[in-house]
Amino acid sequence: MIDYSPFWDTLEKSEENWYTLTKKYHMSSSTLYRLKHNRLKHNKDVSTKTLNDLCRILNCNICDIVQYIPSETDQCL
């Protein structure tokens, strides 16, 4: 499972917040909602373009936004 918990820690340490991401950088609220609620039963997808944009905005690496956590709910390979 892809987990976006690191994103929230990174965002908290930055000068940005939900408001600036939506108003200044024009990120959609639905995208931020998906990042926030990914730990529910249904993992919410986020595009690689969005991840790239977040890395640029927050001046961070991808590992500061996402992490992989093995899960029994992962699809079979």
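Observations
- Stretchable slack from CYS55 to MET1, in nm (0.36 nm times residue separation minus alpha-carbon distance): 17.4 nm
- Per residue, in Å², the accessible surface of the chain once ligands and nucleic acids are set aside, probe 1.4 Å: 74
- With both labels modelled 7 Å from their Cα along Cα-to-Cβ, the LYS23 to ILE62 distance reads 3.2 nm.
- Among THR20, LEU35, TRP8 - extreme Cα towards positive end, dipole of the chain, charges at beta-carbon: THR20
- The loop-placed trypsin sites (Lys or Arg not before Pro) in the chain, going by DSSP, that have at most 13 neighbouring Cβ atoms within 10 Å of their Cβ come out as LYS24, ARG39, LYS41.
- Shown here for the stretch 1-72: GluC sites (Glu not before Pro) in loop regions (DSSP other than H, G, I, E, B) with at most 10 other Cβ atoms within 10 Å, namely GLU15, GLU72.
- Over every Cα atom in the chain, the radius of gyration and the widest Cα-Cα span, Dmax, amount to 12.6, 40 Å.
The values are calculated or read from the model by the stated rules, or taken from the named source; none is laboratory data. None of the values given here were measured: they were computed from a predicted structure. When we count neighbours, we look across all protein chains shown, and the Cβ atoms used for this are built from the backbone with ideal geometry, even at glycine. The area values use the complete protein model at the heavy-atom level, side chains included, leaving out ligands, DNA and RNA. Shrake-Rupley method; radii C 1.70, N 1.55, O 1.52, S 1.80 Å.
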